[in-house]
Protein chains: 2
Amino acid sequence: MPIPPEIFLLPPGSDATLQQQIQQIVAEAIVSGRCAAGEKVPSSRRLAAHLAVSRITITVAYNELVANEYLVARDRSGYFVADTAPRRPRFDDPVRHARPGVAWADRLTRPVRQRDDILRPPNWMDYRFPFIYGQSDPELFDHANWRACALRAVGRRDFDTLAQDRYQSDDPMLVEFILRHILPRRGIHAQPDQILITMGGQNALWMIAQLLLSDGEVAIVENPCFPGLRRIFDQMGHVGRSVDVDAGGLPPERIPEDAQLVFTTPSHHAPTNVTMPIDRRIEMLERAARDDFLIVEDDYEFEMSFLAPPSPALKSLDQDGRVIYVGSFSKSIFPGLRLGYVVGDRLMIEEMRKLRSVVLRHPPSHIQRSTAYFLSLGHYDAQVARLARHYGQRRAIMESCIRVHGLTPVGGESHGGSSFWMRAPEGVDTTRLALDLRADSVLIEPGAAFFAHRAPDRSHYRIAYSSIPANRIQDGMARLARAMERAVGGQGGSAMPND
Amino acid sequence: MPIPPEIFLLPPGSDATLQQQIQQIVAEAIVSGRCAAGEKVPSSRRLAAHLAVSRITITVAYNELVANEYLVARDRSGYFVADTAPRRPRFDDPVRHARPGVAWADRLTRPVRQRDDILRPPNWMDYRFPFIYGQSDPELFDHANWRACALRAVGRRDFDTLAQDRYQSDDPMLVEFILRHILPRRGIHAQPDQILITMGGQNALWMIAQLLLSDGEVAIVENPCFPGLRRIFDQMGHVGRSVDVDAGGLPPERIPEDAQLVFTTPSHHAPTNVTMPIDRRIEMLERAARDDFLIVEDDYEFEMSFLAPPSPALKSLDQDGRVIYVGSFSKSIFPGLRLGYVVGDRLMIEEMRKLRSVVLRHPPSHIQRSTAYFLSLGHYDAQVARLARHYGQRRAIMESCIRVHGLTPVGGESHGGSSFWMRAPEGVDTTRLALDLRADSVLIEPGAAFFAHRAPDRSHYRIAYSSIPANRIQDGMARLARAMERAVGGQGGSAMPND
């Protein structure tokens, strides 16, 4: 593509001649790397018109730049950036502030606290044994049909309506499918004004917290817990109270009487994968009614219940509308999609829609429609079935490796999921172990990020099977087991994270 | 698509027989409209497996439902929902709460204040003369090339990386194009760690406000002003100070000395379209340095400067890094896209990236990549040129109609834009006028929503030409002029908005 004339602007208030100014701005664009070698600069006619100077001024400036080896002239086709042009490494020119800068650190009055995140290198796909969680496996995703659906959503028929600003309502096709086909599987019957489409589960949880958490509100989070939820509390400057889970998930009797809002993951507790038994669910709802607290049910991977039929959602047992349900397509479709939903009281949904319109207006309409097609044409069901089949197989291999190597899974009864929650032997620091394992092309997730700060814990770790091919599991688990033995023997590596 | 067995769940703790329970849940699904007439219910084999009951139980229940005309049996192909099945209107069954509900109004501790929005019916496309702002014109958009770019972004080569969770970084291809080709046109030279991709301009402004506005901070907004910005202040419980603009936009000398953060739209003031003269820009920056305030420059439609070359952004004159620049593709590509960007100090951008990851993780990767292709293949430039050509033509017709009918544009010198800011004659209520005009298939935007509450104003209105075909402008403007005459004569309609 030729360089557009619009990127050249004359500096205001310069003392130089016009020709010098033009030489200067073109040279600067080349040196800084904004114009690359071989690119065609604007014709003298176009640049002259754009800058409102005479064409001869441009030509003289260009010829000067040719003499200085910034440009080369090619007969009849114009001027091009020379291969020999001087240049600084691209993007490496620091912004020059003529005056002392702004004290940014003092101005950022609401900093987001830095918190341990799950340690996962951005290039995790380059590792041979990635036991990491929450990323999709390209081999298992029905790419061809997703592509067909995306294509249909940008087709002429849909495009014009979807291109508009539509913050007042969500895609009716997507909403209807969720109401008619997805929620009923969780035992939930809702109406269109009780659901809001969100930018994934994280966005759903954040909006709920924004609307319901005020200063002094007593909010309960599970311990251990999904780190993204704790970061929401941090960002709001709110301190949640952590309640330790046991082999049945969050114990209702440990929820303090003054609780007002409880965040929980009954289907598959994150990260232990425990499924909350039905009796406990009923007890949880009874407590909620007695103590008048609200419950946020994060049902982030209910589709991955392949060992037993999924138990109905907590929301399905909810008699007085105090459960706010959060669903997501990140695990069943793919996380880069950024689509989820909230089901709750219509007054709350209405407020949430207003909040959403202030924060981001609405989730992109073409993404909503692509997903609606993927769901309604049956590809989602096929996808979930395929994942369940493969995850079941991988899980069986993982279980056998865990047994063979004498590793220690913890938690309680689980209906599937896509990971195991594990405990390392006494004295092993799993954060250190995880970093050491990278040299062996193995990725595991150290558990520290899941725990409340008041209870730092470096003995747990998570190993997921959603992104690793079945035929690599045995080798990877053997490497993990060997590293664990070395760590127990005190021979662990020396790398330490910056914290 | 046949009805999946998963939508049927046995109610916990029921006293009925299994067969009765099955009849009940299938009948309920039909009556409520979740299963539609003609849809195939699961085979007895599949439903039996799913519910873990005997197949004969299912068959007996189905036969009972056939007898009751909920289902019809078709030889060899199974059972289908009968056309004659009883049903309540779809989604019309209220959720039955057995116990008194939650006092939601009391629980929503951070309600988003309801504010006048610009009055625009969601079905604006059904009106023949839509003088409304900010929606794209399907006739002018290069749909074929957008579709090709979207297609490429969901191609195998891109798909796998883009499907992942990528909150740590934005699409490098999009970032590079903005840095190399878009920002230089505004005179801005930035590096990759000084830019963040956002969910459109609204999301950018919201994040800036979140990071920089603390209690007691003196923040300045222009009056009149884009209502979306005031809603951000409302949502945060912050009262911005409004400063009246004049024929040159925001007057620096009216900015109070204790100002700490100033939101402004120098290229095309929203909604008056005035372009701030260069002297005033320089003075603004000098004041900012003297009084140590930061400036948020919302450059929301710089591409629409077709009457004169766009003046360089305020940010390009910024000597000490106190201007935070906001760009958006909503006007030049389409608003449903939801993509924009912020350019600013790297420390601020880093904080903003953290905030974004808490609130929504990241803008969907496929949208970022589709846009990157659209930009880098030159379609964006062609699109902007096409819009400028058509808008220029439409604007000329509008100007002539305004003159012919003696309507009153207000504001100052403008370099283009896509609308006119107008004042109605004394005594005309433009909110009422806009509602009356709907009956004549004309949409205009009453000005009330743009003004601070302390200065209610119903005499202004906006008429845009971005969505109305050139050949309808004359007729539409004639209808507007007639309605205005009637309103001056006191014969306006009686419809009033609910406020």
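For the protein assembly as shown, the Cβ-based charge dipole about the Cα centre amounts to some 2300 debye (Lys, Arg positive; Asp, Glu negative; other atoms uncharged). Beta bridges from DSSP with both residues in the stretch B:143-379: antiparallel share about 40 percent, rounded to the nearest 5.
As a calculated quantity, the FRET efficiency between B:Asp320 and B:Thr161 at R0 = 51 Å, using C-beta atoms, amounts to about 0.85. Under 5 Å from the amide H of B:Asp244 lie the amide H atoms of B:Asn223, each residue being 5 or more positions distant or on a separate chain, with H modelled from the backbone and absent for Pro and chain starts. Principal semi-axes of the equivalent ellipsoid, √(5λ) from the alpha carbon gyration tensor of the protein assembly as shown, are 51, 37, 28 Å from largest down. When you restrict to C-alpha pairs under 8 Å that are six or more residues apart and normalise by the size of chain A, the relative contact order lands at 18 percent.
Which whole-number percent gives the relative contact order of the stretch A:143-380, counting Cα pairs below 8 Å spaced six or more residues apart? Averaging sequence separation for qualifying contacts and normalising by length gives 30 percent for the stretch A:143-380. Neighbour counts of C-beta atoms inside 10 Å place A:Met484, A:Met236 in the sequence A:Met236, A:Met484, starting with the fewest.
Quick check for me: using +1 on Lys/Arg Cβ and -1 on Asp/Glu Cβ, what's the dipole size of the stretch A:206-245 about its Cα centre, in debye to the nearest 20? Could the numbers behind the result be given before it?
Details: 3 positive and 5 negative charges, 20 e Å.
Here the size comes out at about 100 debye.
If you wrap the stretch B:143-379 in the convex hull of its Cα atoms and look at it from every side, the mean projected area works out to 12.5 nm². When the inverse distances between all different Cα atoms of the stretch A:1-43 are averaged and flipped, the Kirkwood radius reads 11.0 angstrom.
Largest first, the three principal axis extents of the alpha carbons in the stretch B:175-244 are 38, 24, 19 Å in whole numbers. Sort the stretch A:290-407 into rounded, prolate or oblate with this rule: let a ≥ b ≥ c be the square roots of the eigenvalues of the Cα gyration tensor; rounded if a/c is under 1.5, and if a/c is not under 1.5, prolate when a/b is larger than b/c, oblate otherwise. Since a/c reaches 1.5 but b/c is at least a/b, the shape of the stretch A:290-407 is classed as oblate. For the stretch B:5-81, the C-alpha radius of gyration sits at 0.99 times the compact-globule guess of 2.2 N^0.38 Å, with N the residue count.
Peptide A:376-382 shows a mean partner chain C-beta count of 1 within 10 Å per residue C-beta.
Other protein chain C-beta atoms within 10 Å of residue C-beta, averaged over A:171-179: 1. Measuring spread by the Cα atoms of the stretch B:373-431 yields a radius of gyration and Dmax of 16.0, 52 Å.
Ordering A:Ile282, A:Ser466, A:Thr408 by the projection of their Cα atoms onto the charge dipole of chain A, which places +1 on the Cβ of Lys and Arg and -1 on the Cβ of Asp and Glu, puts A:Ser466 at the extreme positive end. Classified by the C-alpha gyration tensor, chain B has a prolate form. Its axis ratio a/c, with a ≥ b ≥ c, is 1.5 or above, and a/b is larger than b/c. DSSP beta bridges fully contained in chain B are about 60 percent antiparallel.
Inter-copy label distances for A:Val239: 3.2 nm (label point placed 7 Å from Cα along Cα→Cβ; shortest first). Restricting the GluC sites (Glu not before Pro) of the stretch A:404-491 to loop positions (DSSP other than H, G, I, E, B) with no more than 14 neighbouring Cβ atoms within 10 Å leaves A:Glu413, A:Glu426. Across identical copies of the chain, A:Asp215 has label-point separations of 0.4 nm, listed in ascending order, with the point defined 7 angstrom from Cα along Cα→Cβ. Using R0 = 30 Å, the C-beta based FRET efficiency linking A:Asp75 and B:Asp142 works out to 0.35.
Distances between equivalent label points of A:Glu69 across the copies, with each point positioned 7 Å along Cα→Cβ, amount to 9.3 nm, shortest listed first. On the beta carbon distance between A:Thr84 and A:Thr17, with R0 = 30 Å, the FRET formula returns roughly 0.70.
Computed over the alpha-carbon pairs of the stretch A:111-249, the distance histogram in 5 Å steps reads 2, 7, 10, 12, 15, 17, 16, 13, 6, 2, 0 percent, short to long. Please give every one of the lysines within straight-line cross-link reach of A:Lys354, meaning a C-alpha to C-alpha distance under 30 Å, and leave out same-chain neighbours fewer than 8 residues apart. Within reach: A:Lys315, A:Lys331, B:Lys331, B:Lys354. For the protein assembly as shown, DSSP calls about 60 percent of its internal beta bridges antiparallel. Each principal axis of the Cα atoms in the stretch B:364-499 has its own extent, and those three values, largest first, are 55, 34, 30 angstrom.
Read the figures in this text as sums done on the coordinates, not as results from a lab. Computed from a prediction, not measured in an experiment: that's the story for all the values here. Glycine gets a Cβ as well: all are built from the backbone with ideal geometry, and neighbour counts include every protein chain shown.
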